[in-house]
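The values are calculated or read from the model by the stated rules, or taken from the named source; none is laboratory data. Nothing here was measured: the structure is a model prediction, and the numbers come from that model. Note that we place each Cβ from the backbone using ideal geometry, even for glycine, and neighbour counts take in every protein chain shown. Areas reflect the complete protein model, heavy atoms only, side chains present, ligands, DNA and RNA absent. Shrake-Rupley method; radii C 1.70, N 1.55, O 1.52, S 1.80 Å.
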Amino acid sequence: MKLEKRLMVKFLAGVFFLAFFLATSFVTFYYFASLLKEEQRSDLFPEEILQRMVAATDIEQGKPVLPPSWEKKLKKRNEWVQILNKDGVEVFHYNTPDSIPKHYTPNQLAHYIRNSESIGYDIHTWYQSIDNHTYTWILGRKNKNELLLKIKKHTIRHNQTITIPHPLLEEVKKRKGWVQIIDKNGAEIYQYRRPKNIPTKYTPGEYVHAKRSGSDLHFTSGRLSGQEVTWIMKEDILPVHEMEQNKIIALLFFASLVLIPLAFWLFSYRFGQKLGSPLLFLMDWLENLSHGIYKEPTRKSGPIKDPQTGHLKKPYVLYQEVFKVVEQLSFRLQEVQTERERLDHTREEWIAGVSHDLKTPLSTIKGYAELYKSPSYQWSEQEMEEYLDLVIRKAEDIQHLIDDLNLTFRIKNNALPLELTYLDMKEFLRLLVADVLNTIATEEVNIHLELPHDTTVMYPIDPQWFKRALMNLITNAIFHNDPNTPITVRLQETTSPTPNTTSALKIELIDQGCGMDEQTVSRLFQRYYQGTRTKRSNRGTGLGMAIAKQLIELHGGKIEISSQVNRGTHVTITLPPKRKETPEIVT
């Protein structure tokens, strides 16, 4: 079956599914609309509930009563009701808590209404006469302080230990809240799930501000074992803002009449494009790959990914797995070609570099060999020894050059794995400086170490290659300055604010020598660049500084150099924080 026919079959199947879905949705809408309408009757404003309750109240044997249907509604909504006579005495109640009084004075009832927060219930009243008798209906609803008041009631203090029943604490946890008890001085004497940013001691100003500034904390005070204390609680349950159910139903009904036909038409129009357009794009992409073009095809609609988020645009999400595979294939093919070109260039550069740098020492060796072969000159034993030493040094230069070229080649081609080990950097630098002093005449070297006191500085490095980098830098500072030029090696540690990470390190090499001009500094890390003439005899290859920079960057660090002529040079090595984990081989 051709692609166009398969798309048509898919399209018709989608249209059938959409029609079935819309019909089912329409029936479901009316079903839930009826449930919402029923729910509307149980979610009226308190005044409306009281009006209906008054209308439903009957007088039996001279006392007001409510039908059983109202008792079920009150129980479902976890509300309670009282009916008082003209003297404020209870003549009927349902689901009323034990803490609610059976008799009210006018002032007491007004106090309860104004201070609903302290009793845990919102109080609503209605006043009306039935059969020449005056009654007051009271409707009570739980407010946010209800749980806090239960906690206050059941808090026990025994031998300086405060306990709250486990079920109440579980309810606090369920509401994602916390509880705190403070004494009369504002100091915390108990807490459960208190966040770290909540104070353990309140000043009078903090307490009053939190209680009166619209804070979402709940407070209640009382006595516990004869001492004045305050209970504080917070719930992280967000309030739900509701609107009238009949408006919601009308809005949904109107939206269904408009949006359902519109959605059907849009679905029919876009379904074919959604299936066909990505497939045609994939065909163009694969054709480009066959011709060695590794970029995705261009279209008038722009790239297939959102430039801001990097995610596939909506028409292409259906085939996201296919696009991912094709994209990976393109990247891999491009990497292979780039790698091949880079290896070709590196091989040519290697040959050119070796030819250039081997020419001078080989010429010297060849010249002395020809002189030694000449029968016209008789060599003395002293001359033989001097010339053989010179030939050996030139051979060592060639070996050193080959080693350096091999190292920089391996680094450049990511062929030098690092075996990271956590080391004490203070001890590492001490041993490094000792090696330098043992290698070079001590009377000509003036190195000063500045290390952190009273601490161990641990950091993951490859000892062999990091030592090579620092050795190159230090010997460069020695050979390019006068003897006994002061050189300072300084280690600084920056504590990481992130847990489970090492500190960042800064290693500084500071000399007070001849310094460098801007041009020399800018070319210092170029391969084969040897800068100005050294102050001492030096058999450098021009690769030492380039190797040092590459090795430091391989450790994730960076190196910066500032210098002024006749004022010295300042080298700064920065190593970033790293996660404290078992070091692995890094390639």
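If you go through the range 396-426 and pick out every residue that is open to solvent by 60 Å² or more (accessible area, probe 1.4 Å) and of a type in the set (A, V, I, L, M, F, W, C), you end up with 2. Pairing residues of the range 168-183 that are more than 15 Å from residue 155 (Cβ to Cβ) and part of a loop (DSSP other than H, G, I, E, B) with residues that are aliphatic (A, V, I, L, M) and open to solvent by less than 10 Å² (accessible area, probe 1.4 Å), at Cβ distances under 8 Å and at least 6 apart in sequence or on separate chains, gives 175/147; 177/233.
Assigned to a helix (DSSP H, G or I), polar (S, T, N, Q), modelled with pLDDT under 80 and exposed (fewer than 12 other Cβ atoms within 10 Å of the Cβ): does that describe residue 118? So residue 118 does not fit the description; no.
Residues 398, 365: which one is more than 30 Å from residue 459 (Cα to Cα), without any contact (Cβ under 8 Å) to a residue 60 or more places away in the chain and touching a Lys or Arg at 6+ places or on another chain (Cβ under 9 Å)?
365
Of all residues in the range 479-495, those being over 42 Å from the mean Cα position of the chain (by Cα) and surrounded by fewer than 16 Cβ atoms within 10 Å (Cβ to Cβ) number 4. Of the residues examined, residue 429 is one that is open to solvent by less than 10 Å² (accessible area, probe 1.4 Å), at pLDDT 90 or above and either of a type in the set (Ser, Thr, Tyr) or within 24 Å of residue 547 (Cα to Cα) (or both). Residue 434 meets the conditions (1) open to solvent by less than 50 Å² (accessible area, probe 1.4 Å); (2) within 18 Å of residue 559 (Cβ to Cβ) in every case but one. The failed one is (2). Checked against (1) surrounded by 12 or more Cβ atoms within 10 Å (Cβ to Cβ); (2) at pLDDT below 85; (3) touching a strand residue (DSSP E or B) at 6+ places or on another chain (Cβ under 9 Å); (4) not β-branched (Val, Ile, Thr), residue 131 passes all but a single condition, namely (1).
Restricting to the range 152-171, and then to whatever is open to solvent by less than 30 Å² (accessible area, probe 1.4 Å) and under 38 Å from the mean Cα position of the chain (by Cα), can you tell me which residue is nearest to residue 221 (Cα to Cα)? Let's see the steps before the verdict.
Applying the first criterion (open to solvent by less than 30 Å² (accessible area, probe 1.4 Å)) to the range 152-171 yields 155, 162, 164, 168-169.
Subsequent filtering for residues that are under 38 Å from the mean Cα position of the chain (by Cα) retains 164, 168-169.
Numbers: 164: 16, 168: 18, 169: 19 Å.
Filtering first and then ranking leaves 164.
All conditions in (1) closer than 25 Å to residue 48 by Cα; (2) over 51 Å from the mean Cα position of the chain (by Cα); (3) modelled with pLDDT of 85 or more hold for residue 105, with the sole exception of (1).
Does residue 199 satisfy being assigned to a helix (DSSP H, G or I) and without any contact (Cβ under 8 Å) to a residue 12 or more places away in the chain?
Numbers: assigned to a helix (DSSP H, G or I): no; without any contact (Cβ under 8 Å) to a residue 12 or more places away in the chain: yes.
The answer is no for residue 199.
The requirement of being open to solvent by 60 Å² or more (accessible area, probe 1.4 Å) and under 19 Å from residue 143 (Cα atoms) is not satisfied by residue 196.
Scanning the range 441-478 for residues that are over 30 Å from residue 500 (Cβ atoms), among the small types (Gly, Ala, Ser) and surrounded by 13 or more Cβ atoms within 10 Å (Cβ to Cβ) returns a single hit, 477. Taking the criterion of being over 37 Å from the mean Cα position of the chain (by Cα), at pLDDT 85 or above, not aliphatic (A, V, I, L, M) and not in a helix (DSSP H, G or I), the residues of the range 500-551 that qualify are 511, 512, 513, 514, 515, 517. For the range 281-298, a tally of residues being part of a loop (DSSP other than H, G, I, E, B), open to solvent by 70 Å² or more (accessible area, probe 1.4 Å) and more than 18 Å from residue 312 (Cα to Cα) returns 2.
Here residue 148 fulfils each of the conditions (1) of a type outside the set (D, E, K, R); (2) in a helix (DSSP H, G or I); (3) open to solvent by 40 Å² or more (accessible area, probe 1.4 Å) apart from (3).
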